[in-house]
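Structure, as structure tokens:
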Amino acid sequence: MDALIIYYSLVFFLCACMYFIKYKSIQHAFFIPFLGMQVWLNIFCYQHMGEEVDEYFRIDRLSVLFMSVITILAFATIFHSIIFASRRKETYKMIAIHDSALMILISMMSGVLISGHLALLWAFLEATTLASAMLIYRDRSKKSFEAAWKYFFVCSIGVALAFVGILFIVIAGQEIKNPDINISTLMKFVPSMEPLWLKIAFIFVLTGFSVKIGVAPLFTVDIDAKDAAPLHIGAIFSGGMTVVGFMAIFRFYELFSLSPELYTWMNKVLLITGMLSILFAAVYTLKINNFKRMLAYSSVEHAGIILIALSLGHFGYMAAIIHLICHSFIKASLFYQFGNIYWLHRTDDSAFLGNYFRKDSVGGIIILLAFFMILAMPPSGLCISEFILIKSLFLNNDWFVLVPMLVLLTVMFANLAKRFLDLLFMPPKEERVTRRRTNYIEIIPQVILLLLVMWIGIDPPAQLMVFMQDAVMHLPR
Amino acid sequence: MEITLIIIFILTLVYVVTTGRISTYINLIALQGVLLFFIAIVKLDFKEIHISNLIFILAETLLFKGVIVPYYLKNLAKKNKVTYETEPDTTNFNAILKVSVIIVLSFLMANKLHFHAIDIIIFTASISAIFCGALIVIRRKKVLTHVIGYLVLENGIFLISLSIGTEMPIAINLCILFDIITTILLLGVFVNEMSKVYKGLEITKLNNLKD
């Protein structure tokens with residue numbers, strides 16, 4: 001507990017200090033102690049894994065696993081944010097706002113993963129909203145303002161609805177004289193609580209947090225946010241926020257799964273939500289030209305797949321976790337690389353984008369590789385998770401889920417393939433003189449992330465798999 | 001006493017959904033803040049609750065919801081010359097119909113879920129307020145009315161946490177903190193910034209982001 005308080009006070013101290021410094025390079029240097037603290041927090045969590053820290057914090061295997069994902073993405077995002085800042089002339093004040101908001105976002109996302117009290121989890125999620133709104137409004141343009149406003153407003157409503165869900169759990173707890181809502185206490189009491197209250201609570205929580213994980217019904221503001229924000233911020237939204245939103249929903253899922261009646265009901269709800277998300281993603285991408293929105297809709301689709309995998313139980317849990325981690329890495333690297341593409345062309349208008357493979361072959365190879373991986377082609381880790389998912393559906397004889405899902409995924413893949421191959425190999429509608437080739441330093445994070453995903457796909461380390469299995473051991477089979 | 005206050009609260013909900021004048025909206029929000037203050041006084045047990053918690057709750061309802069927010073909203077409306085909500089999508093009759101359906105359904109729902117731990121009448125009012133707030137956000141076209149819809153929704157959530165009572169002070173306190181922080185950010189940062197960028201605070205002008 002003390003360690004965590006020290007971590008958060010140091011983060012806030014760093015953020016406050018940043019406003020008093022007028023040299024950009026020193027401002028960026030603040031990231032070094034921050035990243036050091038983030039790594040330290042990760043190691044701390046690993047050492048205290050499985051322990052009840054106190055009534056507010058709870059560290060289990062899944063938190064450590066997802067925390068590692070966030071830490072890796074933090075390194076990559078901060079690396080790209082420094083490149084992003086070096087490409088444009090900005091005042092030190094804007095950099096201070098951006099850098100401190102990024103630090104707060106990452107630390108709050110870590111907080112969601114380790115909180116063991118429902119109210120604290122909710123508060124951390126709300127704090128991520130505040131930091132995100134600051135990051136989206138980076139450009140100070142009308143477009144980014146609109147996205148930030150919509151994101152903030154809808155997130156606030158979503159998070160308020162989730163709070164209603166938590167209040168319903170409190171009410172259900174009071175019926176049996178349990179006034180506390182930390183997870184370990186609730187685990188003892190959930191089987192004796194009234195299921196109807198918990199069902200309503202789950203609906204409210206799923207609706208509210210759907211804005212964070214990016215699934216139906218509130219995914220639209222997510223798309224706008226990823227469109228208007230700088231691309232490295234889009235990467236941490238697509239990669240990190242999906243993980244955090246999943247974890248928030250998963251906390252309630254693992255809690256309620258202790259009651260058998262709720263367990264089967266929740267799986268149905270998750271299945272419907274997942275299918276709806278895939279449907280929306282496949283339909284909306286038919287008419288899109290903007291690559292950022294394309295990637296954002298692809299995230300909606302993958303979040304839908306993750307929820308469907310979770311709803312299947314048994315092998316589905318593993319599939320959901322592998323899919324979540326691999327998707328985070330691939331999508332983040334795609335966002336980073338698109339940042340380079342837009343810089344190369346000096347525009348994000350897709351009319352000017354094309355023939356990328358000829359202009360920059362190394363970047364082209366990265367895009368091609370990431371594109372194959374996001375389609376779950378074999379070297380990718382997504383291949384394993386989707387294989388497990390489809391096999392489970394096949395064995396369960398869930399044809400009504402399997403067939404529509406495969407059709408929609410095919411539509412989605414066709415859409416993505418057309419746009420990506422156009423970008424790589426077809427000449428653009430209007431040619432524009434490009435400035436320069438990508439600097440090789442700028443592709444290092446993408447290459448590392450993609451190699452990690454390939455490693456999971458080709459030769460998944462046995463320890464990692466055992467670790468994941470143990471993480472979902474306590475859930476019903 | 002408690003029932004009278006709740007009935008007045010529900011009537012303000014009916015009025016706030018049907019009205020079109022910005023100053024009426026703001027007055028109703030102030031009235032709701034004051035009503036919440038009296039409901040909190042009647043409802044909360046002064047012996048059980050800690051004095052600091054009590055001051056916190058009273059400051060939130062009377063001072064923040066009842067005075068500061070409405071005053072700020074009035075200034076904002078004056079500065080941007082917003083007086084009327086234009087183009088509600090349906091007539092007032094439809095609005096009354098909708099809000100009546102919401103209240104009746106909330107009442108039925110609260111009765112169906114009836115347990116001894118919560119106060120059923122407050123629960124009805126709070127669920128109605130949440131859905132009315134959502135209705136205003138969906139129906140109206142000005143940024144200011146969206147914020148007012150959000151404030152109505154917040155009042156509903158505050159009422160739920162009151163209906164839980166004094167056993168769970170963390171729920172009430174957290175709710176209050178959340179309320180204050182988001183309202184200040186919504187009004188202070190975003191709406192203020194928006195009034196500089198877009199004139200007139202029309203939500204329909206926010207249409208740059210398209211597929």
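The values are calculated or read from the model by the stated rules, or taken from the named source; none is laboratory data. Source: prediction; values computed, not measured. Methodologically, a virtual Cβ is constructed for each residue, glycine included, from the backbone with ideal geometry; neighbour enumeration extends over all protein chains shown.
Taking the criterion of being in a helix (DSSP H, G or I) and small (Gly, Ala, Ser), the residues of segment B:14-46 that qualify are B:23, B:30, B:33, B:40. Residues in segment A:178-212 that are hydroxyl-bearing (Ser, Thr, Tyr) and under 13 Å from residue A:164 (Cα atoms): A:207 only.
Can you pull out every residue in segment A:335-351 that is more than 15 Å from residue A:442 (Cβ to Cβ) and in contact (Cβ under 8 Å) with a residue 24 or more places away in the chain? A:346, A:347, A:348, A:350, A:351, listed by residue number.
For segment B:123-139, a tally of residues being buried (at least 23 other Cβ atoms within 10 Å of the Cβ) and away from chain A (no Cβ under 12 Å) returns 4.
So, in segment A:48-99, exactly how many residues are of a type in the set (Lys, Arg), modelled with pLDDT under 90 and not in a loop (DSSP other than H, G, I, E, B)? So that I can check it myself, show each step before the final result.
To start, the set of residues in segment A:48-99 that are of a type in the set (Lys, Arg) comprises A:58, A:61, A:87-89, A:93.
Filter once more, keeping what is modelled with pLDDT under 90: A:58, A:87-89, A:93.
Retained after the next criterion (residues that are not in a loop (DSSP other than H, G, I, E, B)): A:58, A:93.
Qualifying residue count for the region: 2.
Out of all the residues in segment A:131-148, is one or more within 14 Å of chain B (Cβ to nearest Cβ), surrounded by 23 or more Cβ atoms within 10 Å (Cβ to Cβ) and among the aromatic types (Phe, Trp, Tyr)? Yes, there is a match, as at least one residue in segment A:131-148 is within 14 Å of chain B (Cβ to nearest Cβ), surrounded by 23 or more Cβ atoms within 10 Å (Cβ to Cβ) and among the aromatic types (Phe, Trp, Tyr). Filtering segment B:158-172 for residues that are closer than 24 Å to residue B:19 by Cα, modelled with pLDDT of 75 or more and buried (at least 19 other Cβ atoms within 10 Å of the Cβ) leaves a non-empty set.
Restricting the first member to segment A:166-194 and to residues that are facing chain B (nearest Cβ under 9 Å) and crowded, with 21+ Cβ neighbours inside 10 Å, and the second to residues that are among the β-branched types (Val, Ile, Thr) and not in a helix (DSSP H, G or I), the beta-carbon pairs closer than 7 Å and six or more apart or on different chains are A:166/A:181; A:170/A:181; A:171/B:118; A:173/A:181. Restricting attention to segment A:46-71, the residues that are within 14 Å of residue A:471 (Cα to Cα) and touching a residue at least 24 places away in the same chain (Cβ under 8 Å) total 9. Selection of segment A:219-246 for residues being within 12 Å of chain B (Cβ to nearest Cβ) and among the aliphatic types (A, V, I, L, M) yields A:221, A:223, A:225, A:228, A:229.
Kindly indicate whether any position in segment A:64-85 is surrounded by 19 or more Cβ atoms within 10 Å (Cβ to Cβ) and over 26 Å from the mean Cα position of the chain (by Cα). No; the residues of segment A:64-85 include none that is surrounded by 19 or more Cβ atoms within 10 Å (Cβ to Cβ) and over 26 Å from the mean Cα position of the chain (by Cα). Can you find a residue that is within 28 Å of residue A:120 (Cβ to Cβ), hydrophobic (A, V, I, L, M, F, W, C), touching a Pro at 6+ places or on another chain (Cβ under 8 Å) and touching a residue at least 12 places away in the same chain (Cβ under 8 Å) anywhere in segment A:251-262? Taking every residue of segment A:251-262 in turn, at least one turns out to be within 28 Å of residue A:120 (Cβ to Cβ), hydrophobic (A, V, I, L, M, F, W, C), touching a Pro at 6+ places or on another chain (Cβ under 8 Å) and touching a residue at least 12 places away in the same chain (Cβ under 8 Å). The single condition among (1) at pLDDT 85 or above; (2) under 13 Å from the mean Cα position of the chain (by Cα) that residue B:179 does not meet is (1).
Being of a type in the set (Asp, Glu), at pLDDT below 90 and within 20 Å of the chain's Cα centre (by Cα) holds for only one residue in A:126, A:146, and it is A:126. Summed over segment B:32-85, the residues that are more than 18 Å from residue B:180 (Cβ to Cβ) and more than 14 Å from the chain's Cα centre (by Cα) give a count of 24.
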